Amino acid sequence: MLAIQTHSLAKKFGDTTANDDISMHVSKGEIYGLIGLNGAGKTTLIRMLLGMIKPDNGHIQLLENKLTPNFSLWNEIGFLVETPFSYPNLSVRENLDIFFDLRKLKDPALIDKVIDQLKLTVYTNKKAKHLSLGNQQRLGLAKALLHQPQLLILDEPTNGLDPAGIVEIRTLLRSLTENGASVLISSHLLSEVAQMAHRIGIIHEGKLIKELFAEELETQLIKKVVIHTKDNGQAIALLKKSEFDAQIVGDRIYATDDKAISSPELITKLLSDADLPPTEIYVNKENLEMYFLRIIGK
Amino acid sequence: MLYEQWLGLKAEFRKIKHASIIWVTFIAFSLAPLMGGVFMIILKNPELVAQSGALNAKAQLMSISANWNSFLGILTQAMGVGGVLIFGFVASWIFGREYSDGTAKDLLALPISRTKILNAKFIVYTGWCLALAISNLLIGLLIGALLQLPDFEKAIFLKS
C-alpha cells in the first residue's frame, strides 16, 4: 500500500517554477526524507500534498484516495508545515483541546498521551507564547500526532530542537513507523535525514533529481586515497606504472580506484620500496554535505 | 453535520475564553451611554453649566434636551459611529488573528470543512456584536433610570 503517490506534479508562482514534474511515492511504514536547499520547492510540495494549494498540473493520492476538495481522510493524516504556530494566549492543553474538537476526537486520554509522548507534561498549563522555540516545535508535533494518524507529513520537524530533542523525535518517528505509520519529512540537512529516513529524495530547483535508499547512500559517497610524498612527480609516475588511477591535485596525490581504496597499504609499500615513503597517506570519504552539493551541481 | 458545526463553534469559544480583548470591547462600548449620561446631567442641572462651558455648547449645538428621546438618540448615533470601529475591530480579531498568529494553515486540512470553521467564526462574530449592542442598551436604560429622565413612554412608543 502506498501512503503518498504523486503524478507529475507542477506548480508555478508567476514566473517562478516551484515544482516541476514531481512523481514520487511513499510506502506504508516508510520514512521518506525530502532534502533540498531553502527555496528548492519542499514546502510547496508539502502544501500541495495537504491540499493547501492547488497544483497546476498532475494529481495526488493520499492513502490510495485521490486528493480532491472532498477528500475525507484528513483524520488519518497529521501535519506540521513550516514553523509551528499555536494560539499564543492559550496553554499547551487548551491548544490541543481546540484540535481535539476540530478533529472530532472522543477519547480525552489522547491529549494526555500526546503531552506525555512529547515530554510537555511540565508545560501543560503554560501559555504557548511563553514556550521556548523547541517546546513550541514539540507542541506543533503534538498537534500533528494527537489523533494517531496513519500518515505524517512534517516540514522540518526538528527545527529549533536541541540534539537530545532531535534524537528523541527520530526515535519517536521510527517507533511510529514500526506500528505501520508512514512519514514524509523535509529538511535541508542531509546528515540529519540520513539517520532517520528509509528513503531519500533530493529536490532541487523544483525537480526531484535523485531518489535513493538510505543504505545506498554509503556506496554513493566518493572515496579516495590522499597521498603526499617528498617528490609527488616521481611518486605519481610510479603509481601509474603499477596501474593505480591517480592524479595530482594541488600538492597532494589522489588515488581513486577500488584497489587503492581497499588496500592503501600497497601504495605505502610501493612508495617506500622506491625510497619515496609517504609523509602523509589516508583514505578520505566524501561527507554527506559534499555529496549533496555534488548531486545538485554546486 | 450540525454536530460538526457545534464542534467548530466550541473550538472558536475556546479561543476567546481567556481573551481580555472581550472586556476591552465591552468597556469601550459602554463609554457611549456614560457620555450620553454626562450630557443629560449637564442639561438637567443648569447650575453646572457655568463650570463646563465647552460641553454645554456642544450639547446646545446638538439641540438636545434632558429626556429619553434625546438620550436614546445619542445612543443610536454612538452605536452607528462606535459600532463601525468596534465591530470592525472584533471582526479583525476573530478572522485576522489566525493570519497574524500564523495559525490559519492549521485549519485547512481537517476533518471539519473550512466552511464550517468560517461559519463558526461568523456565529461568534454575530453573537459578540449583538452582546455589545445589548449591553449598550442595558447600560443606557440603567443610566437613564438613575437620572430619572422624563417622557420614557413617548420615546419608546410614540416615535415609530
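The values are calculated or read from the model by the stated rules, or taken from the named source; none is laboratory data. Here the structure is a predicted model, which means the values were calculated and not measured. Cβ sites come from the backbone with ideal geometry, for glycine too, and all protein chains shown count toward neighbours. These accessible areas exclude ligands, DNA and RNA; they are computed on the full protein's heavy atoms, side chains included. Shrake-Rupley method; radii C 1.70, N 1.55, O 1.52, S 1.80 Å.
Mean separation of Cα pairs under 8 Å and 6+ residues apart, divided by the residue count of chain B: what relative contact order is that in percent? Let's see the in-between values first.
Details: 108 pairs, mean separation 68.6, N = 160.
Relative contact order, chain B: 43 percent.
Between the DSSP loop rule and a limit of at most 16 other Cβ atoms within 10 Å, which chymotrypsin sites (Phe, Trp or Tyr not before Pro) in the range B:57-137 are left? Write down the numbers at each step before the final one.
Numbers: sites: B:TRP68, B:PHE71, B:PHE87, B:PHE89, B:TRP93, B:PHE95, B:TYR99, B:PHE122, B:TYR125, B:TRP128; in loops: none.
Nothing satisfies the criteria.
Counting only protein heavy atoms, what percent of the accessible surface of chain A is carbon or sulfur at a 1.4 Å probe? Kindly include the intermediate steps, with their values, before the conclusion.
On the way: 6830 of 13660 Å².
Looking at chain A in its full context, I get 50 percent from C and S.
I need the calculated FRET efficiency for the pair B:MET1 and B:ILE41, taking r as the beta carbon distance and R₀ as 30 Å, to the nearest 0.05. Present the calculation step by step, with values, prior to reporting the outcome.
Details: r = 53 Å, r/R0 = 1.78.
Approximately 0.05, to the nearest 0.05.
Output ³J(HN,Hα) for the range A:85-101: one whole-Hz value per residue in order, computed from phi by the Karplus curve 6.51 cos²θ - 1.76 cosθ + 1.60 with θ = phi - 60°, and x for Gly and Pro.
10, 10, 5, x, 8, 9, 6, 3, 5, 5, 4, 6, 4, 4, 6, 4, 5
Would you mind calculating the gained length between A:GLU286 and A:THR83 on full extension (0.36 nm times residue separation, minus the Cα-Cα distance), in nm to one decimal? Write down the numbers at each step before the final one.
Values: separation 203, 0.36 × 203 = 73.08 nm, distance 3.16 nm.
Using 0.36 nm per residue and subtracting the Cα-Cα distance, I get 69.9 nm.
In whole percent, what relative contact order does the range A:218-269 give with Cα contacts below 8 Å and a gap of six or more residues? Intermediate results must be reported in sequence, preceding the final value.
Values: 58 pairs, mean separation 19.7, N = 52.
So the answer I get is 38 percent.
So what is the calculated 222 nm ellipticity per residue for the protein assembly as shown, using -39500 (n - 2.57) for each DSSP H run with n of 4 or more, over all residues, to the nearest 500 deg cm²/dmol? Walk me through the numbers on the way to the answer.
Numbers: 18 runs with 216 residues, N = 458.
Calculated from helices alone, the mean residue ellipticity at 222 nm is -14500 deg cm²/dmol.
Hey, if you put +1 on the Cβ of every Lys and Arg and -1 on every Asp and Glu Cβ in the protein assembly as shown, which of A:LEU73, A:GLY233, B:GLY127 ends up farthest toward the positive end of that dipole?
B:GLY127
On the protein heavy atoms, probe 1.4 angstrom, tell me the percent of accessible surface of the range B:2-159 carried by carbon and sulfur. The partial results should precede the final answer.
On the way: 6170 of 8630 Å².
Ligands and nucleic acids excluded, carbon and sulfur give 71 percent.
Using protein heavy atoms only (no ligands, DNA or RNA), what is the total accessible area buried between B and A, 1.4 Å probe, nearest 100 Å²? Let's see the in-between values first.
Details: alone 10100 and 14830 Å², together 22580 Å².
Interface area, both chains combined: 2300 Å², rounded to the nearest 100.
After finding the eigenvalues of the alpha carbon gyration tensor for chain A, what semi-axes result from the square roots of 5 times each, listed largest first in whole Å?
Gyration-tensor ellipsoid for chain A: 48, 23, 16 Å.
Which values, in whole Å and largest first, are the semi-axes of the equivalent ellipsoid of the range A:55-197 obtained as the square root of 5 times each eigenvalue of the Cα gyration tensor? Intermediate values should be presented prior to the final figure.
Numbers: eigenvalues 112, 80, 42 Å².
Equivalent-ellipsoid dimensions as semi-axes: 24, 20, 15 Å.
When the dipole is taken about the Cα centre of chain A, and only Lys, Arg (+1) and Asp, Glu (-1) are charged at their Cβ, what size is it in debye, to the nearest 20?
On the way: 34 positive and 37 negative charges, 181 e Å.
Around 880 debye, computed over chain A.
Using each residue's phi in the range A:176-191, evaluate 6.51 cos²θ - 1.76 cosθ + 1.60 at θ = phi - 60° and report the 3J(HN,Hα) Karplus result to the nearest Hz, with x for Gly and Pro.
3J(HN,Hα) across the range A:176-191, in whole Hz: 5, 5, 5, 8, x, 6, 10, 9, 10, 10, 10, 6, 9, 10, 5, 4.
How big is the C-alpha Rg of the range A:152-298 next to the rule-of-thumb value 2.2 N^0.38 Å, as a ratio? List each step's numbers first, then the result.
Numbers: Rg = 20.8 Å, N = 147, 2.2 N^0.38 = 14.7 Å.
Normalised Cα radius of gyration, the range A:152-298: 1.42.
Would you kindly work out the equivalent ellipsoid of the range B:2-159 from its C-alpha gyration tensor and give its semi-axes, the square roots of five times the eigenvalues, largest first in whole Å? Write down the numbers at each step before the final one.
Working: eigenvalues 345, 52, 26 Å².
Its equivalent ellipsoid spans semi-axes of 42, 16, 11 Å.
Can you give me the angle between helix A:232-241 and the longest principal axis of chain A, using Cα atoms only, in degrees from 0 to 90, rounded to the nearest 10?
Tilt relative to chain A: about 90 degrees.
Mind checking which lysines have their C-alpha under 17 Å from A:LYS224, skipping anything on the same chain fewer than 8 residues away?
A:LYS240, A:LYS259, A:LYS285
Which one of A:TYR254, A:LEU62, A:VAL92 has its Cα pushed farthest toward the positive end of the charge dipole of chain A, where Lys and Arg give +1 and Asp and Glu give -1 at the Cβ?
Highest projection toward the positive end goes to A:VAL92.
Check each of the trypsin sites (Lys or Arg not before Pro) in the range A:194-230 and keep only those in coil by DSSP with at most 16 other C-beta atoms within 10 angstrom; list them in order. Please report the intermediate quantities before stating the final value.
Values: sites: A:ARG199, A:LYS207, A:LYS210, A:LYS223, A:LYS224, A:LYS230; in loops: A:LYS230.
Filter output for the range A:194-230: A:LYS230.
I'd like the Karplus ³J(HN,Hα) series for the range A:14-22: coefficients 6.51, -1.76, 1.60, θ = phi - 60°, whole numbers in Hz, and an x wherever there's a Gly or Pro.
Listing the rounded values in order: x, 8, 7, 8, 8, 9, 9, 6, 8 Hz.
Hey, what's the Kirkwood Rh for the range A:1-70 if you take every pair of different alpha carbons, in angstrom?
On the way: mean 1/r = 0.0805 Å⁻¹.
In the range A:1-70 this quantity evaluates to 12.4 Å.
Search the structure for amide H atoms under 5 Å from the amide H of A:ILE31, placed 1.01 Å from N in the peptide plane, and list their residues when 5 or more places away or on another chain.
For A:ILE31, the qualifying residues are A:VAL183, A:HIS198, A:ARG199.
Rounded, prolate or oblate: which one fits the range A:111-156, using the alpha carbon gyration tensor with axes a ≥ b ≥ c (rounded when a/c is under 1.5, else prolate when a/b beats b/c, else oblate)?
Working: a/c = 2.65, a/b = 1.40, b/c = 1.89.
Oblate, since a/c reaches 1.5 and b/c is not below a/b.
I want to verify the translational diffusion coefficient of the range A:151-200 in µm²/s; compute it with Stokes-Einstein, Rh as the Kirkwood radius over Cα pairs, at 37 °C and 0.692 mPa s. Present the calculation step by step, with values, prior to reporting the outcome.
On the way: Rh = 11.1 Å.
Once the numbers are plugged in, D ends up at 297 µm²/s.
Within chain A, what's the longest stretch lacking GluC sites (Glu not before Pro) that sit in DSSP loops with no more than 13 other Cβ atoms inside 10 Å? Please report the intermediate quantities before stating the final value.
On the way: sites that count: A:GLU64, A:GLU243.
It runs A:65-242.
Would you be so kind as to identify all helices of chain B, as entire DSSP H runs, whose Cα atoms reach 27 Å or more along the helix's own axis and whose mean Kyte-Doolittle hydropathy is at least 0.5? Don't skip to the answer; put the middle values down first.
Numbers: long enough: B:21-44 (35 Å, 2.06); B:68-91 (32 Å, 1.48); B:114-146 (48 Å, 1.35).
Qualifying helices: B:21-44, B:68-91, B:114-146.
If I fit a long axis through the Cα atoms of helix A:264-273 and take the longest principal axis of the Cα atoms of chain A, what angle between them do I get, 0 to 90°, rounded to 10?
20
What does the accessible area per residue of chain A come to in Å², with a 1.4 Å probe and no ligands, DNA or RNA counted?
Value for chain A: 46 Å² per residue.
Amide H to amide H under 5 Å from A:LYS11: which residues, 5+ apart in sequence or cross-chain, H placed 1.01 Å off N in plane?
Under 5 Å from the amide H of A:LYS11 lie the amide H atoms of A:ALA18, A:ASN19, A:ASP20, A:ASP21, A:ASP56, each far enough along the sequence or on another chain.
Just to be sure I understand the model, the point goes 7 Å from the Cα along the line to the Cβ. What's the resulting A:ASP162 to A:HIS130 distance in nm?
Result: 2.0 nm between the two label points.
Based on Cβ point charges of +1 for Lys and Arg and -1 for Asp and Glu, what charge dipole magnitude is obtained for chain B about its Cα centre, in debye rounded to the nearest 20? Numbers along the way, then the final one.
Numbers: 13 positive and 8 negative charges, 71 e Å.
For chain B, the charge dipole is close to 340 debye.
Over chain A, calculate the relative contact order: mean separation of alpha carbon pairs under 8 Å at least 6 apart, over the residue count, as a percent. List each step's numbers first, then the result.
Numbers: 551 pairs, mean separation 60.8, N = 298.
Over chain A, the number comes to 20 percent.
In debye, nearest 20, what is the charge dipole magnitude of the range A:154-279 about its Cα centre with +1 on Lys and Arg Cβ and -1 on Asp and Glu Cβ, if you could check? Please list the in-between numbers first.
Working: 13 positive and 20 negative charges, 60 e Å.
The calculation lands at about 280 debye.
At 1.4 Å probe size, with every protein chain present, just tell me what the per residue accessible area of chain B comes to in Å².
Dividing the accessible area of chain B by its residue count gives 56 Å².
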